[in-house]
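Here the structure comes first, spelled out in structure tokens, and everything after it is commentary.
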Amino acid sequence: MDSPHLSRRLLVSLVSVLALASLSTGLAQGAPPPVKEPAAPTAAAAAVTFSDEFDGPAGAAADGGKWQTETGDNVANHERQFYTAGNRNAALDGQGHLVITARRENPSNYQCWYGRCEYTSARLNTAGRFTTTYGRVEARMKIPRGQGIWPAFWMLGNDIGQVGWPNSGEIDIMENVGFEPSTVHGTLHGPGYSGSGGIGAGYTLPGGQAFADAFHTFSVDWSPNAITWSVDGTVYQRRTPADLGGRQWVFDKPFFLILNLAVGGYWPGDPDGSTVLPQQLLVDYVRVSTDTAQPGGGGPITGIGGKCVDVAGADSANGTAVQLYDCNGTAAQKWSVGGDGTIRALGKCLDVASGGTADGTRTQLWECNGSAAQQWAVPAARDIVNPQADKCLDATGGSSANGTRLQIWTCTGAAAQKWTVTR
């Protein structure tokens, strides 16, 4: 479904926030947050390009070498909060979390678009400190709850100062509006598909669970011409240029990260008598990783029956069949998943024959040429997807026999389409 929010960034500085003195007010009183879970291991060939685990003393501000804190209000969405500087509304809790707190208060006579501000909160970004093009971008968070409460984890194109929004592009990794406690949204915004016309989808927890009740991990896997969203490792949406109806894809360039907790606005509506404040967004970690594996390195890709993706006869000639075979550790079974969206073995690329998009089109080894036939997304759900065709790498006939050819096929979630990539 489309994400019906409007631009959130027009009246808040994105790239030149002044470093203000930290304020001394601590975190809101309440039950202590849960103990931080240990970090999951990162695959050996995946390079972590940005990480903040938010370790530090309680009350400390976020690391200024990684984050800048924006200040001010936002008339563009008719949000109600004033974003403050320092550690007043964004501080570490001493247990490995960043806590962004929204309060009903105005301690410094802040002025908003509607008059005297009624709420305070915080918004942080990495502009001028960190940008990324492609990779996995994820955060583990426990979101707040309540009517009018609007937490978000998202990205903006680093060229926003030159081209403006929405030409810069926006990737919303996670948004929640308080009247939907069980649902989060992931959305793309760009020229001709912004605001209420953004292209996205929602993900709803089963059984009426609320996102505010526990920590969840929100991720995008981003490669050339493909972005895939997941919650706790479950993929719920994949977008490619084919989804834009001929409009411009603006997601092959550097983006920076944003964390914020808004109050009110056109989409969530304003707080009402049911809204309990303060509310807190707890962020366990934010991580960005990419893959630095090079052709000739890498490791096996295993599929149905525990068999390995194999280059037939270890032949590096263009057009050599890609198949399943008993794992044997040879170079014909060592695949590198690159940050450029390619999957390589023997110095060549996994390729969809003739750039086909139909079910049953065979895969082969071919000289790397940058074409869409050689672009693959490898999301957490263990699919390997060719975005041009929007189809999955598949073992023909669901067979695990040696020599079974690999093809592309409509993604079904079947065992023949599940792969374990060892990097």
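What follows draws every value from the coordinates through simple rules; no lab data is involved. No experiment lies behind these values; they were computed from the predicted model shown. Please note: Cβ atoms are built from the backbone with ideal geometry, for glycine as well, and neighbour counts cover all protein chains shown.
What FRET efficiency comes out for the pair D340/F179, r = Cβ-Cβ distance, R0 = 35 Å, nearest 0.05?
0.30
Evaluate the charge dipole of the chain about its Cα centre and quote only its size in Debye, nearest 20, assuming +1 on the Cβ of each Lys and Arg and -1 on the Cβ of each Asp and Glu.
Dipole of the chain, to the nearest 20 debye: 240 debye.
Along the charge dipole of the chain, pointing to its positive end and built from +1/-1 on Cβ of Lys, Arg, Asp and Glu, which listed residue (G65, V385, G273) has its Cα farthest out?
The one lying farthest along the dipole's positive direction is G65.
Tally the DSSP beta bridges in the chain and give the antiparallel ones as a percent, rounded to 5.
Once the DSSP bridges in the chain are tallied, antiparallel ones form about 95 percent.
So, R0 is 35 Å and r is the distance between the beta-carbons of N369 and S51; what FRET efficiency does that work out to, to 0.05?
The value I calculate is 0.55.
State the dimensionless ratio Rg/Rh of the chain (Rg: radius of gyration of Cα atoms; Rh: Kirkwood radius).
1.01
What does the extension gain come out to for A314 and T204, with contour length at 0.36 nm per residue minus their alpha carbon separation?
35.1 nm
Roughly speaking, what is the stretch gain from N167 to N402, that is 0.36 nm per residue apart minus the C-alpha to C-alpha distance, in nm to one decimal?
This chain segment gains 79.7 nm when fully extended.
Using θ = phi - 60° and the Karplus form 6.51 cos²θ - 1.76 cosθ + 1.60, what ³J(HN,Hα) does each residue of the stretch 191-202 get, whole Hz, x for Gly and Pro?
x, x, 8, 10, x, 5, x, x, 9, x, 7, x
For the stretch 257-265, in order, what is each residue's ³J(HN,Hα) by Karplus, 6.51 cos²θ - 1.76 cosθ + 1.60 with θ = phi - 60°, in whole Hz (x at glycine and Pro)?
My calculation for the stretch 257-265 gives 9, 9, 10, 7, 10, 8, 10, x, x Hz in order.
Per-residue counts of other Cβ atoms within 10 Å, averaged by peptide: what ranking do you get for 110-116, 307-313, 77-83, 415-421, highest first?
Most protected by this proxy first, the peptides run 77-83, 307-313, 415-421, 110-116.
Gain in length, A331 to A242, computed as 0.36 nm per residue apart minus the alpha-carbon separation, to one decimal in nm?
28.6 nm
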